[in-house]
Every structure is written in C-alpha cells, then in structure tokens.
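Worksheet: one structure, shown below.
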Amino acid sequence: MAKTPAEAVIRVRDLVVELKAHRVLNGINLDVYRGEILGFVGASGAGKSVLLRTIIGLLPKQQGRIEVLGTDLDQADEDQRQAIERRWGILFQQGALFSSLTAGQNVEFPIVEYLDVSDRLMTEMAITKLEMVGLKPDVYRKYPSELSGGMIKRVALARALALDPEILFLDEPTSGLDPISAGDFDQLILTLQRTSNMAVFMVTHDLDSLHTICDRIAVLSEGQIGEAGTMATMLASQHPWLRAYFHGARARTGRQAVVES
Amino acid sequence: MTAGTLLSQSRGDRLDLAVTGSWTAEHARTIEPLVDAVTRPNSAVRSVAIDMTRAERIDTYGAWLLERALRTWTSQGCATGIAGLPEDYRGLFEKVRAGTHKLTPEPPRPNSIMATLESVGRNVAKVADDFVLQTIMAGSLVVALKRILLRPTTFRLTSMVNHLERVGWRAVPIILLITFLIGAILAQQGIFHFRKFGADIYVIDMVGVLVLREVGVLIVCIMVAGRSGSSYTAELGSMKMREEVDALRTMGFDPVEVLILPRIVALVIAVPILTFLGSMAALYGGGLVSWFYGGIEPPVFLSRLKEAISVETFAVGIIKAPFMALLIGIVACVEGLQVEGSAESLGEQTTSSVVKSIFLVIVLDGFFAIFFASIGM
C-alpha cells in the first residue's frame with residue numbers, strides 16, 4: 001500500500017451521550033484513519049456499541065461533534081448524509097439480514113437502492129461479494145433461515161461490502177463463531193481491508209482478533225477513551241482494567257502465539 | 001474524482017485500450033456500456049492490450065468489469081495483456097479473478113399447467129395435514145388435561161387468568177359495540193321490509209331468534225378469531241422463532257401444558273361469556289331501533305320477545321360457543337407452532353390462522369344447525 005499521510009476518516013470530538021438520564025459516554029475523542037483496523041474494546045456495558053450506534057446515527061448525542069469522511073454529520077443535509085451512508089458499510093452483531101429476502105437479494109439490496117446498474121452487473125456483483133467473503137454462489141438463492149450462524153455473518157459482511165465502502169463498522173464480528181471460523185473471519189477481514197484500503201472500526205471482545213489483525217486498539221473505560229495505541233502499548237499499560245484484560249487467564253494463549261511468531 | 005472512461009484504438013488485429021479515471025461503484029453505470037461495446041464479438045481482433053497507468057481508483061466493480069471483459073476475449077480466442085496495473089490493486093484483481101461469478105442455473109420449472117396441478121395437489125394434501133395436526137393438538141390437550149386433573153396444583157392458573165383478562169375482559173367493549181350495531185341493523189332492515197306487509201311486529205321474532213341462535217355467537221367468534229386467535233399465533237410463533245418453545249421442552253416441560261392449555265381454557269371460558277354479553281347488546285340495539293324507527297314501544301317489544309323465544313333458543317347459541325372457542329384456540333396454536341425462522345413466515349401463519357379459524361367456525365356452525373334440527377331444538 002502506498003503510505004500517504006494518514007487521513008482521519010472518522011473524527012469524534014468531546015462526544016457526550018446519555019441514555020435515560022444515565023451518562024454513558026462522557027467526552028469521547030477518537031480518530032480512525034484511512035487504511036487501518038481499529039479494535040475497540042471495553043467491559044461489557046461500557047458503551048462500545050453505544051459509540052458505534054451514535055457514530056452511524058442510530059442514537060442521538062447530547063454534545064460533541066462527529067465528522068465522517070470530512071463531513072460534520074450535524075451540518076449535513078439529507079443528500080449529503082445519504083452520500084456518506086453510501087460510503088460506509090455496517091455489520092451488525094446478529095447479521096440483521098432481511099429474513100424475507102434471499103442471501104443474494106440481501107446483498108443486492110443496497111446496490112438496487114443506490115446504484116443504477118444493469119441487472120446483469122448487479123447479480124454478478126452480488127455473487128462476487130459472496131465469493132469474496134468465502135461463500136459458494138449457490139448461497140445466492142438461500143434464505144437466511146436456511147443458513148448457519150457463520151454463513152449469516154458472511155452474507156451480512158458481503159452486504160456491508162456491497163457498495164465498496166470506505167469505512168466498515170463491525171460489531172463483534174467473531175462472537176458466536178467457533179475459534180476456527182473466527183480465525184478465518186479475521187483473516188477475511190484483513191484480506192478485504194488490504195485489497196480495498198478501507199478503514200475498519202471493529203468493536204470486539206476477541207483477544208485473538210485484537211492480536212492478529214488490529215493495527216491500533218482503543219479502550220473505552222468510564223465513558224472515556226482510556227488508552228489508544230498498538231498492541232505493544234496495551235500490553236505495557238499500567239491501567240488496572242487493561243492489565244486484567246490483556247494479562248488475564250484468557251489472554252495467555254493469544255499473547256504466547258504473538259510472542260512465538 | 002473523474003468518471004472512468006475506456007479509450008480504445010484499433011490497429012489491424014490488435015486492440016489497444018486505456019483505462020482512465022476512477023472505475024468505482026458510482027461510475028459503474030456509465031462504464032458497463034463502454035466495456036460491453038469493446039467486447040462485442042469482432043473477428044478482426046486477435047489480441048487486446050490494456051494500459052492501466054492512467055487509472056485513478058479501482059474498486060471491485062471496476063475490477064470485475066475488466067475481468068469480465070478479459071474472460072469474454074479469452075472465450076473468443078483473443079490474446080490479452082494488462083500493463084501498468086498499480087501494485088495497490090494487485091490483491092483486489094487476484095481476489096476478483098478467483099471467483100467463478102456464475103450462478104448455478106435455477107432448477108428447471110415444470111410447465112405452468114403441471115405447476116398449477118402440483119400446487120392444487122399440495123394444497124389438498126395440506127388440508128389433510130392440517131386436520132391431522134389439529135387432531136394431534138386436540139389429543140395433546142386431552143392428555144395435558146388428564147395430567148392436570150390428577151395433579152390440579154400444576155395448572156398454570158396465573159397464566160390462565162392473565163389470558164382470560166386479555167381475551168375476555170378487554171374484548172368486552174368492542175364486542176358490545178359491534179353486536180349492538182349488528183342488532184340495530186338487523187332490526188332496521190327487518191322493519192323496512194316487513195312494513196310492506198304490515199308485519200312490523202314480527203321483526204321482534206326475527207331479531208330474537210336470529211341473534212340468540214346464530215348471529216350473536218358467530219359475530220363474537222369472528223371477532224375473537226381476528227383479535228385473540230391472531231395474537232395467540234403471533235405469540236407462539238415468535239416464541240418458536242426464538243427457540244423459547246425448545247427451551248421449555250428441554251427443561252422437561254410440555255409446551256402444550258405450559259403455553260397452550262391456559263390459553264385455550266381462557267378462550268373456552270371467555271367466548272360463552274362474550275356471546276351472552278354480545279347477544280344482550282344485539283337485542284338491546286334491536287329494541288332501540290324498533291322503538292325509535294319502528295315505533296314499537298319497549299313493553300310491546302319485551303312481551304313479544306317473551307313469546308317469540310324460549311330458553312332453548314338461547315341455549316342453542318350458548319352451547320355452540322365453547323366448541324367454537326376450542327376450535328379457534330386449536331387452530332391458532334397449531335399455526336403458531338408451525339412458524340419457521342423468518343418474519344414473513346410469522347405473518348403468513350397469522351393470516352392463515354385467522355382465515356382458517358373463521359372458515360372452520362362457520363363450517364362448525366353448519367354442522368350444529370343440522371344437529372339441532374335433527375334433535376328438534
């Protein structure tokens with residue numbers, strides 16, 4: 001990849017979000033740069049998903065500013081917002097596939113809505129995307145209820161990638177997958193990210209994902225970004241929660257694997 | 001960003017192409033015709049060279065359109081070559097090249113006559129399946145009931161009372177309103193037509209017999225099927241979708257005993273009460289219209305009504321009510337448990353629950369009519 005000076009595709013400043021009078025996020029500052037995979041960690045219930053949902057506009061914020069691809073989402077009118085939404089893809093935790101459409105139609109859905117391309121190209125692109133996420137073309141005609149959990153995540157990823165987004169949001173992409181599938185999924189995200197130079201914002205609990213594919217890690221604690229940096233920074237940090245997280249019993253195998261490699 | 005273009009130059013049997021601008025999703029609409037134009041079968045062209053040095057941005061859309069063109073040329077027997085592909089995009093091209101991009105052909109469709117016959121056959125078979133499932137459900141209910149009778153403390157009384165409130169108590173206002181209006185309309189139509197023969201007074205006989213024997217119970221059952229049957233189907237269906245029914249079963253509970261029996265018992269208690277209330281409201285509506293529209297004073301209405309109807313007339317209507325409630329409950333629960341994974345299937349089963357229960361209620365009413373006629377009621 002040609003290394004250009006890193007451009008922040010997501011810029012969050014002094015973000016405050018309250019849910020039912022409870023302050024979940026209290027002054028978040030965070031940049032996500034083009035071409036990096038940012039792993040976002042934090043205790044369960046710390047507000048990771050809240051931040052993700054606030055950035056993509058599903059939750060209202062009380063204070064602060066969110067810029068995506070250089071556009072302040074508060075200032076943007078309907079058309080500008082739609083143009084931004086066209087340039088990001090989101091993988092929800094449960095996949096959120098439309099259950100009344102086939103896998104192929106799910107992937108085609110954003111293409112139909114946003115791009116005025118021929119039916120032939122649309123079908124070919126849907127199959128291309130399904131194949132890129134490691135599925136066979138015969139999945140195209142299957143309904144979500146006929147697919148396994150791992151396949152649903154892959155189809156949902158194909159749908160998130162349908163418009164070749166510049167930013168990809170992943171909400172716990174490997175949760176609910178067996179370790180082998182989870183490892184495959186990590187590699188898949190890495191390959192896709194390297195081929196298209198996307199920015200990936202990944203909320204995860206999976207230490208293996210953090211070790212193997214994340215360029216940078218941000219930690220959410222007590223409503224703020226406690227620490228941000230590479231894996232090495234995280235491991236060296238004295239922050240008590242981070243020490244427990246990265247040096248706990250479940251962290252060992254992953255760390256050893258990295259040390260050995 | 002400039003829109004992508006494809007510059008072409010033909011030199012004898014050689015075609016030189018230059019890719020410029022951005023070949024991305026947003027320009028795919030304009031690029032595709034350009035690619036189609038140069039890949040048209042042309043026997044003069046033996047080799048194709050593509051220069052990529054002026055490409056600004058390429059994504060999967062651009063990469064696939066190029067790859068599609070390359071595959072077409074190869075199948076036409078042309079030699080192809082790409083020069084100046086930026087290093088950044090090599091991975092993307094490899095990824096796209098690895099795919100087959102071909103949809104497996106759809107299984108051949110049988111011709112339309114065969115398909116129609118097949119679907120008719122399937123539907124007939126489904127009617128039989130439904131009957132079997134409903135019989136099984138009725139059987140399971142009896143088994144569950146037997147267990148409850150042996151150990152009465154296991155009956156889910158709280159759940160039953162909760163459902164009784166929802167299907168009985170909360171249905172009272174709408175049932176009263178609808179049956180009141182039906183009674184009023186019956187009386188108005190009767191007076192309007194009977195007046196021509198000077199037979200106004202017989203309107204009371206008509207309203208009394210019709211409401212108590214047929215209309216009261218039918219209207220109530222149709223309302224209950226639409227209001228409570230559909231909600232039973234939707235509740236059980238979404239519980240089935242979220243594996244709650246399976247969870248119950250694995251914990252050693254019988255879903256029929258825990259989920260279905262309290263619901264159906266509530267329905268069997270509620271529908272006769274609603275039928276009684278509904279019939280009274282209909283008679284009241286009929287009486288009011290007879291008074292204001294037909295000029296029949298209430299004392300006349302009441303004394304005439306006493307002559308026209310007997311306890312038997314009332315009994316015929318009310319005896320039917322619990323059986324119809326049982327039917328609605330069984331159909332609703334069977335349909336609910338047949339819900340599959342998708343939201344669409346939940347909607348389909350809810351619709352068919354309402355349609356089937358209304359249909360079967362009317363069929364059952366027909367059987368009751370024959371039955372009561374034969375025993376002289």
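The values are calculated or read from the model by the stated rules, or taken from the named source; none is laboratory data. Keep in mind the model is a prediction, meaning the values are calculated, not measured. Cβ atoms come from the backbone with ideal geometry, glycine included; neighbour counts cover every protein chain shown.
A single entry from A:59, A:52 fulfils the requirement of being touching a residue at least 40 places away in the same chain (Cβ under 8 Å), in contact with an Asp or Glu (Cβ under 8 Å, 6 or more places away or on another chain) and more than 12 Å from chain B (Cβ to nearest Cβ): A:52. Within segment A:95-123, if we keep just the residues that are β-branched (Val, Ile, Thr) and more than 10 Å from every other protein chain (Cβ to nearest Cβ), the residue that is farthest from residue B:59 (Cα to Cα) turns out to be A:102.
Based on this model, can you work out whether residue B:249 counts as surrounded by fewer than 20 Cβ atoms within 10 Å (Cβ to Cβ) and more than 30 Å from residue B:165 (Cβ to Cβ)? Judged against the criteria, residue B:249 is not a match. Scanning segment A:74-94 for residues that are in a loop (DSSP other than H, G, I, E, B) and under 19 Å from residue A:198 (Cβ atoms) yields a total of 2.
Residue check: residue A:149 meets all listed conditions (1) closer than 30 Å to residue B:28 by Cβ; (2) within 14 Å of chain B (Cβ to nearest Cβ); (3) not basic (Lys, Arg) but one, namely (1). Pairs needed: first member in segment B:133-155, among the basic types (Lys, Arg); second member anywhere, assigned to a helix (DSSP H, G or I); C-beta distance under 8 Å; at least 6 residues apart or different chains. Matching pairs, first to second residue: B:147/B:154; B:147/B:257.
Within segment B:238-284, the set of residues being closer than 23 Å to residue B:138 by Cα and of a type in the set (Gly, Ala, Ser) comprises B:238, B:247, B:252, B:266, B:270. For segment B:202-315, the helices (runs of 4 or more DSSP H) that sit wholly inside it and include 3 or more residues that are more than 23 Å from residue B:185 (Cβ to Cβ) and of a type outside the set (Phe, Trp, Tyr) are B:230-241, B:244-250, B:261-292, B:298-308.
The set of residues from segment B:1-20 being buried (at least 19 other Cβ atoms within 10 Å of the Cβ) and either at pLDDT 80 or above or part of a strand (DSSP E or B) (or both) comprises B:6, B:15, B:17, B:19.
Of the residues screened, residue B:347 is one that is within 14 Å of another protein chain (Cβ to nearest Cβ) and assigned to a helix (DSSP H, G or I). When A:126, A:156, A:182 are checked against the criterion of being touching a residue at least 12 places away in the same chain (Cβ under 8 Å), among the small types (Gly, Ala, Ser), more than 14 Å from chain B (Cβ to nearest Cβ) and over 27 Å from residue A:67 (Cα atoms), A:182 stands alone in meeting it.
For segment B:28-67, give me each residue that is out of contact with any helix residue (DSSP H, G or I) (no Cβ under 7 Å at 6 or more places or on another chain), surrounded by fewer than 22 Cβ atoms within 10 Å (Cβ to Cβ) and within 14 Å of chain A (Cβ to nearest Cβ). Passing the criteria: B:29, B:30, B:33, B:34, B:36, B:37, B:55, B:56, B:57. In segment B:74-129, the residue that is surrounded by the fewest Cβ atoms within 10 Å (Cβ to Cβ) out of those that are under 44 Å from the mean Cα position of the chain (by Cα) and basic (Lys, Arg) is B:109. When segment A:150-178 is filtered for residues that are assigned to a helix (DSSP H, G or I) and either within 11 Å of the chain's Cα centre (by Cα) or of a type in the set (Gly, Ala, Ser) (or both), the ones remaining, listed by number, are A:150, A:156, A:157, A:158, A:160.
You will find that of B:69, B:44, B:55, the residue that is at pLDDT 80 or above and among the small types (Gly, Ala, Ser) is B:69 and no other.
The requirement of being more than 10 Å from every other protein chain (Cβ to nearest Cβ), more than 27 Å from residue B:343 (Cα to Cα) and at pLDDT 85 or above is satisfied by residue A:201. Within segment B:186-211, the set of residues being within 40 Å of the chain's Cα centre (by Cα), farther than 19 Å from residue B:297 by Cβ and free of Cβ contacts under 8 Å to residues at least 60 places away in the same chain comprises B:189, B:210. Return yes or no: is residue B:110 within 14 Å of another protein chain (Cβ to nearest Cβ), more than 22 Å from residue A:110 (Cβ to Cβ) and in a loop (DSSP other than H, G, I, E, B)? Judged against the criteria, residue B:110 is not a match. Contact annotation: no residue pair with Cβ atoms under 7 Å, 6 or more positions apart or on different chains, pairs a residue in segment B:93-117 that is within 14 Å of residue A:124 (Cα to Cα) with a partner that is charged (D, E, K, R) and part of a loop (DSSP other than H, G, I, E, B). So which residues in segment B:306-344 are within 20 Å of residue B:141 (Cβ to Cβ), within 14 Å of chain A (Cβ to nearest Cβ) and out of contact with any Lys or Arg (no Cβ under 7 Å at 6 or more places or on another chain), if there are any at all? B:338 - this is the single residue of segment B:306-344 that is within 20 Å of residue B:141 (Cβ to Cβ), within 14 Å of chain A (Cβ to nearest Cβ) and out of contact with any Lys or Arg (no Cβ under 7 Å at 6 or more places or on another chain). Taking segment B:341-351 on its own, how many of its residues are touching a residue at least 12 places away in the same chain (Cβ under 8 Å) and either surrounded by fewer than 18 Cβ atoms within 10 Å (Cβ to Cβ) or on the phi > 0 side of the Ramachandran plot (or both)? Residues flagged as touching a residue at least 12 places away in the same chain (Cβ under 8 Å) and either surrounded by fewer than 18 Cβ atoms within 10 Å (Cβ to Cβ) or on the phi > 0 side of the Ramachandran plot (or both) within segment B:341-351 amount to 1. Taken over segment A:129-146, the criterion of being closer than 26 Å to residue B:62 by Cβ and facing chain B (nearest Cβ under 9 Å) is satisfied by A:129, A:130, A:131, A:132, A:136, A:137, A:140. For residue B:181, indicate whether it is touching a helix residue (DSSP H, G or I) at 6+ places or on another chain (Cβ under 6 Å) and more than 19 Å from residue B:265 (Cβ to Cβ). No, not satisfied.
Filtering segment A:100-114 to residues that are part of a helix (DSSP H, G or I) and over 16 Å from residue A:151 (Cα atoms) leaves A:108, A:109, A:110, A:111, A:112, A:113, A:114.
Scanning segment B:70-96 for residues being in a helix (DSSP H, G or I) and in contact with a strand residue (DSSP E or B) (Cβ under 8 Å, 6 or more places away or on another chain) gives a total of 5.
For residue B:335, the stated conditions do not hold, so it cannot be described as part of a helix (DSSP H, G or I), free of Cβ contacts under 8 Å to residues at least 60 places away in the same chain and of a type in the set (Asp, Glu).
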